[in-house]
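*Asks:* I am attaching a structure below and will ask some questions about it afterwards.
The values are calculated or read from the model by the stated rules, or taken from the named source; none is laboratory data. Please read all numbers here as calculations on a predicted model, not as lab measurements. A quick note on method: Cβ atoms are made from the backbone with ideal geometry, for glycine too, and the neighbour counts reach across all protein chains shown.
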Amino acid sequence: MAKEKTNYQKYEQKLEPKRPVLKNCIKAFIIGGLICVFGQLISTIYMYFFDFTEQTVGNPTVATLIFITMLLTGFGVYDKIAQFAGAGTAVPVTGFGNAVISAAIEHRTEGFVQGVGGNMFKLAGSVILFGVFSAFIIALIKTIFSYWS
Amino acid sequence: MVFLWSFIVGGIICVIGQLILDVAKLTPGHTLSILVVIGAILNGFGLYEPLIDFAGAGATVPITSFGNSLVHGALEEAEKHGLIGVITGMFEVTSSGISSAIIFGMIGALIFKPKG
């Protein structure tokens with residue numbers, strides 16, 4: 001059984017088209033970088049017109065970016081950019097927003113409680129789970145260490 | 001100058017994500033989870049704050065900052081209230097990412113119709 005599986009996997013690997021890793025990385029770098037520059041532009045505006053510091057301006061910037069993501073996702077533009085950019089659109093917080101919002105829109109036909117409510121975090125839930133749990137462990141270790149020293 | 005650095009640092013974090021996708025052949029869900037954990041660990045060693053000072057949105061916009069601010073909020077609250085603060089302070093700093101995703105997700109579902 002095990003041997004059969006490895007043979008099949010070898011066969012599968014042979015058939016899989018080679019991924020253009022370098023090209024994908026360049027695309028991800030440029031689009032991801034541009035999203036961050038756009039975020040920086042929003043940050044600069046918030047810091048200039050409102051009382052935000054460099055450390056606190058991340059929050060309103062993220063909220064604004066997710067709002068823009070909602071519009072782009074709703075009009076079906078985000079998917080087209082994502083197809084081109086790969087991780088360039090997935091890694092910025094807009095990718096997290098897109099995962100939540102697209103799931104919410106997609107499942108609205110099943111109703112707002114079972115559909116939207118139940119499926120909203122289908123894709124993004126793992127990010128929250130592992131983020132929170134790893135943060136818990138790290139903060140716990142750091143706090144205990146600070147008690148000792 | 002901060003615009004240039006945010007482009008470069010943000011771009012590099014995205015390339016790391018692309019490499020996890022293409023070379024390690026993991027799903028986007030795995031990739032984002034790994035990046036969030038990396039962000040949390042970097043904050044644990046006190047390395048993420050300097051990165052934000054240096055690159056601005058290049059460090060706050062990628063999903064790694066989510067892990068960073070979770071740890072940040074937990075530690076801040078733990079300083080004030082002791083060990084229980086690790087749990088109560090978790091979402092103190094990073095609430096905007098999740099709350100805006102939920103709010104705009106709901107608004108999106110109200111306004112837009114699914115395609116296809």
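*Asks:* Tell me, which residue of the range A:97-143 that is over 22 Å from the mean Cα position of the chain (by Cα) and within 8 Å of another protein chain (Cβ to nearest Cβ) is surrounded by the fewest Cβ atoms within 10 Å (Cβ to Cβ)?
*Replies:* Result: A:109.
*Asks:* Going by the structure shown, is residue B:59 among the hydrophobic types (A, V, I, L, M, F, W, C), crowded, with 23+ Cβ neighbours inside 10 Å, within 7 Å of another protein chain (Cβ to nearest Cβ) and within 19 Å of residue B:94 (Cβ to Cβ)? If you could, list the steps in order and put the result at the bottom.
*Replies:* Details: among the hydrophobic types (A, V, I, L, M, F, W, C): yes; crowded, with 23+ Cβ neighbours inside 10 Å: yes; within 7 Å of another protein chain (Cβ to nearest Cβ): no; within 19 Å of residue B:94 (Cβ to Cβ): yes.
Here the answer is no, as residue B:59 does not meet what is asked.
*Asks:* Another question, then. Under 7 Å by Cβ, and 6 or more places apart or on different chains, what pairs join a residue from the range A:32-58 that is over 27 Å from residue A:86 (Cβ atoms) with one that is exposed (fewer than 14 other Cβ atoms within 10 Å of the Cβ) and not aliphatic (A, V, I, L, M)?
*Replies:* Here the result reads A:54/B:53, each pair linking the range A:32-58 to a residue that is exposed (fewer than 14 other Cβ atoms within 10 Å of the Cβ) and not aliphatic (A, V, I, L, M).
*Asks:* Can you find even one residue in the range B:79-88 that is buried (at least 21 other Cβ atoms within 10 Å of the Cβ) and either more than 7 Å from every other protein chain (Cβ to nearest Cβ) or within 15 Å of residue A:124 (Cα to Cα) (or both)?
*Replies:* At the first step, the residues of the range B:79-88 found to be buried (at least 21 other Cβ atoms within 10 Å of the Cβ) are B:86.
Going one step further and asking which of them are either more than 7 Å from every other protein chain (Cβ to nearest Cβ) or within 15 Å of residue A:124 (Cα to Cα) (or both), we end up with none.
Within the range B:79-88, not a single residue is buried (at least 21 other Cβ atoms within 10 Å of the Cβ) and either more than 7 Å from every other protein chain (Cβ to nearest Cβ) or within 15 Å of residue A:124 (Cα to Cα) (or both).
*Asks:* Of the residues that sit in the range B:85-114 and are of a type outside the set (A, V, I, L, M) and not in a helix (DSSP H, G or I), which one is nearest to residue B:60 (Cα to Cα)? Give the steps one after another, and end with the answer.
*Replies:* Taking the range B:85-114 and keeping what is of a type outside the set (A, V, I, L, M), we get B:85, B:88-89, B:91-92, B:94-97, B:99-100, B:104-105, B:108, B:112-114.
Pick out the ones that are also not in a helix (DSSP H, G or I) and you get B:89, B:91-92, B:94, B:112-114.
Values: B:89: 19, B:91: 16, B:92: 16, B:94: 11, B:112: 29, B:113: 31, B:114: 30 Å.
The extreme case among them is B:94.
*Asks:* Regarding the range B:98-115, can at least one residue be identified that is within 8 Å of chain A (Cβ to nearest Cβ) and touching a residue at least 24 places away in the same chain (Cβ under 8 Å)?
*Replies:* For the range B:98-115, residues within 8 Å of chain A (Cβ to nearest Cβ) and touching a residue at least 24 places away in the same chain (Cβ under 8 Å): absent.
*Asks:* From A:45, A:31, grab the single residue that is of a type outside the set (Ser, Thr, Tyr) and either surrounded by 18 or more Cβ atoms within 10 Å (Cβ to Cβ) or within 17 Å of residue A:92 (Cβ to Cβ) (or both).
*Replies:* Working: A:45 fails: either surrounded by 18 or more Cβ atoms within 10 Å (Cβ to Cβ) or within 17 Å of residue A:92 (Cβ to Cβ) (or both).
Checking each option against the conditions leaves just A:31.
*Asks:* So how many residues does the range A:54-75 have that are under 16 Å from residue B:57 (Cα atoms) and of a type in the set (Gly, Ala, Ser)?
*Replies:* Final tally of qualifying residues: 2.
*Asks:* Here are some residues: B:6, B:69. Which one is touching a Cys at 6+ places or on another chain (Cβ under 8 Å), closer than 20 Å to residue A:65 by Cβ and among the polar types (S, T, N, Q)? Let's see the steps before the verdict.
*Replies:* On the way: B:69 fails: touching a Cys at 6+ places or on another chain (Cβ under 8 Å).
Only one candidate passes the filter, namely B:6.
*Asks:* To continue, here is another question. Identify, by number, the condition in (1) surrounded by 20 or more Cβ atoms within 10 Å (Cβ to Cβ); (2) within 8 Å of chain A (Cβ to nearest Cβ) that residue B:51 doesn't meet.
*Replies:* (2)
*Asks:* Scan B:13, B:41 and give me the residue that is buried (at least 21 other Cβ atoms within 10 Å of the Cβ), under 17 Å from the mean Cα position of the chain (by Cα) and facing chain A (nearest Cβ under 7 Å). Working first, answer last.
*Replies:* Details: B:41 fails: buried (at least 21 other Cβ atoms within 10 Å of the Cβ).
Only one candidate passes the filter, namely B:13.
Residues are listed down the side, and each one gets a yes or a no for (1) surrounded by fewer than 16 Cβ atoms within 10 Å (Cβ to Cβ); (2) modelled with pLDDT of 85 or more:
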position	(1), (2)
A:6	yes, no
A:11	yes, no
A:17	yes, no
A:27	no, yes
A:37	no, yes
A:49	yes, yes
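*Asks:* A further question on this structure: Identify all residues within the range A:53-91 that are outside any helix (DSSP H, G or I) and either at the interface with chain B (Cβ under 7 Å from one of its Cβ atoms) or not hydrophobic (A, V, I, L, M, F, W, C) (or both); write none if there are none. Break it down stepwise before answering.
*Replies:* The initial filter retains those residues of the range A:53-91 that are outside any helix (DSSP H, G or I), namely A:53-57, A:75-76, A:86, A:91.
A:53, A:54, A:55, A:56, A:76, A:86, A:91 - these are the residues of the range A:53-91 that are outside any helix (DSSP H, G or I) and either at the interface with chain B (Cβ under 7 Å from one of its Cβ atoms) or not hydrophobic (A, V, I, L, M, F, W, C) (or both).
*Asks:* I'd like the residue in the range B:8-58 that is part of a helix (DSSP H, G or I) and charged (D, E, K, R) and, out of all such residues, is nearest to residue B:86 (Cα to Cα). Give the derivation first.
*Replies:* Step one: list which residues in the range B:8-58 are part of a helix (DSSP H, G or I), which gives B:8-22, B:28-44, B:48-55, B:57-58.
Filter again for charged (D, E, K, R), leaving B:22, B:49, B:53.
Working: B:22: 35, B:49: 19, B:53: 25 Å.
Top of the filtered list is B:49.
*Asks:* Looking at the structure I just gave you, is residue B:75 surrounded by fewer than 14 Cβ atoms within 10 Å (Cβ to Cβ) and either out of contact with any Leu (no Cβ under 8 Å at 6 or more places or on another chain) or at the interface with another protein chain (Cβ under 7 Å from one of its Cβ atoms) (or both)?
*Replies:* Numbers: surrounded by fewer than 14 Cβ atoms within 10 Å (Cβ to Cβ): no; either out of contact with any Leu (no Cβ under 8 Å at 6 or more places or on another chain) or at the interface with another protein chain (Cβ under 7 Å from one of its Cβ atoms) (or both): yes.
When the stated conditions are applied, residue B:75 does not pass them.
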